[in-house]
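Quick notes on the structure that follows.
The values are calculated or read from the model by the stated rules, or taken from the named source; none is laboratory data. Note that the structure is a prediction, hence the values are computed from the model and not measured. Don't worry about glycine lacking a Cβ; one is built from the backbone with ideal geometry, like all the others, and counts go over all protein chains shown.
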Amino acid sequence: MAVPFLKWAGGKRQLLPQIRRCVPARFGAYAEPFLGSGAVFFDLVRQGRLPGVPVRLSDTNADLIGTYEALRDDVEAVITRLMHLARGHARDAARHYYEVRDVQFNRIRAGAAGGAALSSHTRVDLAAAFIYLNRTCYNGLYRTNALGAFNTPMGRYVRPRICDPDNLRAVGQVLQHPRITLTTTDYREVGTWLPADGFVYFDPPYAPLSRTAHFRAYTAAGFSDDEQRRLRDLALGLAARQVHVLLSNSVSPLARALYESADVRRSGLRACRVPARRAISTRVTGRVGVKELLVTTVPRRHPLT
Ligand SMILES: C[S@@+](CC[C@H](N)C(=O)[O-])C[C@H]1O[C@@H](n2cnc3c(N)ncnc32)[C@H](O)[C@@H]1O
């Protein structure tokens, strides 16, 4: 069974038990427009909740979506290349990491930025480098500099698991289903795609808990307060069209103001604070448990807290 193959900031593995309770009993289409490592998508597949249903998976991170596409189109070539990278890492981790990051990955990406179509060989190389860097960089963090070059330093792992061929094959097979579409697009695009009985899971970069918290390092552009408001308005519009909506965010002042108001409740969207098993580290208190906000139109079968 396929499981997420990337470590991803804000990955939702920890919240799955709460999220499962908010999946509608029946729905006619599924969209996940902030895909990241796809923890919820792979969970729905595992639970057998997506057969016969058109699925749209998207994210603005073109390297990420390109990697899913390469796994769908030529998983064996990606595995061969990734095994090669894993052997290089085992020989001399630091020299190899920075060579792949700066000389291979960033140089190919810079060449591709002109918009020319990539050969299948180049797409495979990029996907393998992306998975290798994700498995070996600091905390799996995808960070780019002002010029768009990936610049996360190497992480400190003794023997990182770089290639899991069986899981990559399972992922490639899942993605080959003709009802699944992958696109590099902004989340707003799902608004026109979703039918009235569709189900959408929005997992945006979280609104910061405080103005100093660096919770928004997902893309070069970040996800502004205005963007959080636009997303809330889209969720309200979809709820009014009878689309099943599920959204997660931080229990931050902004997210509370956006989702805990009486107006929002009247529209059928309910916000609920749920315990996340994740712990975040803070300089003051060390590691602390946190709550997260789940906002949904789906009547829950069991209480969430
Ligand atoms: C919190 S992460 C999603 C994590 C995911 N649920 C998982 O389990 O790994 C947010 C994602 O939103 C993407 N993103 C940021 N801005 C976006 C936008 N405007 N439209 C679509 N995706 C966006 C980021 O690239 C990132 O992958």
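Mind telling me which of the residues Val78, Val40, Val55 ends up being surrounded by 21 or more Cβ atoms within 10 Å (Cβ to Cβ), assigned by TED's automatic domain parsing to the domain that holds Asp197 and among the β-branched types (Val, Ile, Thr)?
Val40
Does the stretch 158-175 include one or more residues that are over 20 Å from His84 (Cα atoms), more than 16 Å from the ligand (Cβ to nearest atom), assigned to a loop (DSSP other than H, G, I, E, B) and not hydroxyl-bearing (Ser, Thr, Tyr)?
No, that holds for no residue.
Anything in the stretch 1-49 that is part of a strand (DSSP E or B) and of a type in the set (A, V, I, L, M, F, W, C)? List them, or say none.
Ala31
Would you please list the contacts, defined by Cβ atoms under 6 Å and residues six or more apart or on different chains, that run from a residue in the stretch 28-56 that is closer than 22 Å to Asp197 by Cβ to a residue that is outside any loop (DSSP other than H, G, I, E, B) and more than 14 Å from the ligand (Cβ to nearest atom)?
Close Cβ pairs satisfying both conditions: Tyr30/Val55; Tyr30/Phe199; Val45/Val174; Val55/Ile180; Arg56/Thr181.
Would you confirm, using the coordinates I've provided, whether Val103 is buried (at least 18 other Cβ atoms within 10 Å of the Cβ), assigned by TED's automatic domain parsing to the domain that holds Asn134, away from the ligand (no atom under 14 Å from the Cβ) and in a helix (DSSP H, G or I)?
no
Of (1) at pLDDT 95 or above; (2) out of contact with any strand residue (DSSP E or B) (no Cβ under 8 Å at 6 or more places or on another chain); (3) surrounded by fewer than 18 Cβ atoms within 10 Å (Cβ to Cβ), Glu69 satisfies all except one. Which?
Condition not satisfied by Glu69: (2).
Would you check if there is a residue in the stretch 50-63 being more than 9 Å from the ligand (Cβ to nearest atom), under 12 Å from Val171 (Cβ atoms) and in a helix (DSSP H, G or I)?
no
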